Amino acid sequence: MENARFSISEKGMIRILVRDIRIPYTAPIDEALSRAVKKVCSAFPKSKRPTVGESALFKVSVDARKRSDILRVCTCLVSVRCTEEEARTACSRQSGLSILTEEPLPIPQGNKKMEKRPLIVGFGPAGMFCALLLAESGFCPIIVERGDDIEARAEAVRRFYQTKILDTDSNIQFGAGGAGTFSDGKLMTRISDPKCTWVLNMFVRFGAPADILVQAKPHIGTDVLLKVVANIRDYLKTLGCEFYFRETMQRICTSTTPSGEVHAEAIGTANGEIPCGALILALGHSARDTYRMLYNRGFLLQPKPFSVGVRIEHTQASMNIAAYGDAAQYTAACGARGKEILLPPAEYAVSYRENKQQADGRGVYSFCMCPGGEVMAAASEEGGVVVNGMSRSARDAVNANAALAVSVRCEDYGNTPMGAIEYQRALEQRAYVAGGGDYRAPAQTVGDFLDGRSGSAYASVKPSYMEGFVCMTDLRGILPGFVSALLADGIRHFDKQLPGFAARDAILTGVETRTSAPVRILRDDLYLARGSDNIYPIGEGAGYAGGITSAAVDGLNAALRILSVYCP
């Protein structure tokens, strides 16, 4: 269970992190390593210069804020032979230096016997990583997933694209790997939990490229994620885990403890009951029927703010020029070849608040930006159109896309859990009708949207949704008025930061409604659902994470709670 990352180190060596080494983007990484070694050595007195061992790149990012001076920003790892006290003194003398300490993930051991096996509902990141930790700790969890196994799920998505017949149980939202499998595979997160490193190491262990360990904004891509999910599934099977795919939890069979708490005994499905010693609810954010079942059973669900909007598409080449200026010629989308490819496809993150003077002013922001990607048909219910973004590992498609999402407050939908879901659903159904009723997505050029008119055909930017399976229409007729108004303000504002963002032939495709879970399943500090003694709501669908890595960490934290109570 130890971290694999940078584990090779000679006995007696101290590993020092050297931050903020800036080199021209055209310079070799060896230049950063050389500067890092010099910086470390200069922090020690001349009479006590340590013996230097290995040096390695720890993190790297691109700083393109000045297009005339694009830099690589590196954090390097330098091993030196000295005492820990000498290393700490040196780090205190020189800014940007610190000792790297990476502890193995501590595994608690409870003493309460779990009479039945733990059962995990959902095999997205939260369920997957919860299962990994439980299985490697001697438990053999049962995993129930409403969608298909990963190979069959990929086939179901392909079949939907070909036939336009939606499988409501296996699609972009449901199935092995969770909704994030058909995305850009971003692993960047805002949480600072050290278990993020453990998550990255597990991805590498099961087939992700090792460079995600050093990327400041790591991503995997759908094509690689499919293989990683399959490898994790196969490994869990060798540990005795049991999988039930295409099996939907329809009810929870419970008893009441002497202290009045709800205790899950089993779950009920169309094929019978499956007993459990602990029930982990690793639901996805689109499990609307399950939310309703829990709500009707008396579980405490809390409505929460979320966001809705559209996907915006530009050519990746135009975004490279906007971000890098003349240096864009050194990206793949702008014609560079071989060793000339020095810069990654440009990414962006933009946000705008309508009233900066008021803390409650609505915001519009980019979300899940996919360089060199495509807009996906992400519906999970018949009669609704939903869009999402996806990139493959190479990020080499013609277009760049991102969600432009506007804040929706609880009072906008009546401040009830089911009201939140119905708000999303109503937008999706309106998009379905506006698109023509066959999962064709409503789309509009940015120029027409800003002018308040519709009808123009798309020009140089071709919609990537189902290879252009769109209906050019007026998105203002679908979206709430405040969403349309703030989208327009945001696009104009973002154009000042990224020239060309408001290009008239850029494409808007709707609607994006699944940015996050619209409700939260309330739990206590022990990760237990309020009023229960063995039910654990976790991950993005439970309202406690936002993205692959944070959901995986939430799954790990729940597993650690279970391990602190139970023995296998």
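FYI, it's all coordinate maths here, none of it is from the lab. Given the structure is predicted, the values throughout are model-derived calculations rather than measurements. For neighbour counting, all protein chains shown are included, and Cβ atoms are generated from backbone atoms with ideal geometry for every residue, glycine included.
Tabulated data
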item: Nearby lysines by direct alpha-carbon distance to Lys164 (threshold 22 angstrom, same-chain neighbours under 8 apart not counted); result: Lys462
item: Ranked by how many other beta carbons lie within 10 Å on average, peptides 278-289, 117-128 from highest; result: 117-128, 278-289
item: Residues with amide H under 5 Å from that of Leu105, placed H, sequence gap 5 or more; result: Asn3
item: Extended-chain gain in nm, criterion 0.36 nm per residue less alpha-carbon gap, Glu151 and Ser68; result: 25.3 nm
item: Positive-pole candidate from Ala346, Ala397, Gly277, dipole of segment 262-421, charges at beta carbon; result: Ala346
item: The chain: DSSP helices with Cα axial extent of at least 18 Å and average Kyte-Doolittle hydropathy no lower than -1.0; result: 29-42, 150-163, 222-238, 417-435, 481-497, 548-565
item: Cα-derived Rg to Rh of segment 156-288, Kirkwood definition; result: 1.03
item: Two-decimal Rg/Rh across segment 221-345, once Rg and the Kirkwood Rh are taken from alpha-carbon atoms; result: 1.20
item: Long-range HN-HN contacts of Ile143 with modeled amide H, under 5 Å; result: Ile120, Glu242, Phe243, Tyr244
item: Separation in nanometres of the label points that stand 7 Å from Cα toward Cβ, at Ser393 and Ala27; result: 3.0
item: Options Val37, Met319, His263, ranked by Cα towards positive dipole end of the chain, top entry (Cβ charges); result: Val37
item: Proximal aspartates and glutamates to Lys46, defined as alpha-carbon separation beneath 15 angstrom and excluding residues fewer than eight positions away on the same chain; result: Glu86
item: Segments 255-264, 35-44, 448-457, 543-552 sorted - mean Cβ within 10 Å per residue, highest first; result: 543-552, 35-44, 448-457, 255-264
item: Estimated dipole of the chain in Debye, rounded to 20 [Cβ of Lys and Arg +1, of Asp and Glu -1, Cα centre]; result: 1500
item: Net dipole in debye of segment 60-174 [+1 Lys, Arg Cβ; -1 Asp, Glu Cβ; about Cα centre; nearest 20]; result: 340
item: Cross-link pairs Lys113/Lys304; Lys116/Lys227; Lys217/Lys496 - those with Cα-Cα distance over 29 Å; result: Lys113/Lys304; Lys116/Lys227
item: Interchain or long-range residues, amide H under 5 Å from Glu512's placed H; result: Gly309, Val310, Arg311, Val387
item: Net charge over other residues, Cβ less than 15 angstrom from the Cβ of Arg158 (K, R count +1; D, E count -1); result: -4
item: Mean Cβ neighbour count within 10 Å, used as a protection proxy, ranking 297-310, 340-353, 503-516 highest first; result: 503-516, 297-310, 340-353
item: Rh (Kirkwood; distinct C-alpha pairs) - segment 13-99, Å; result: 13.2
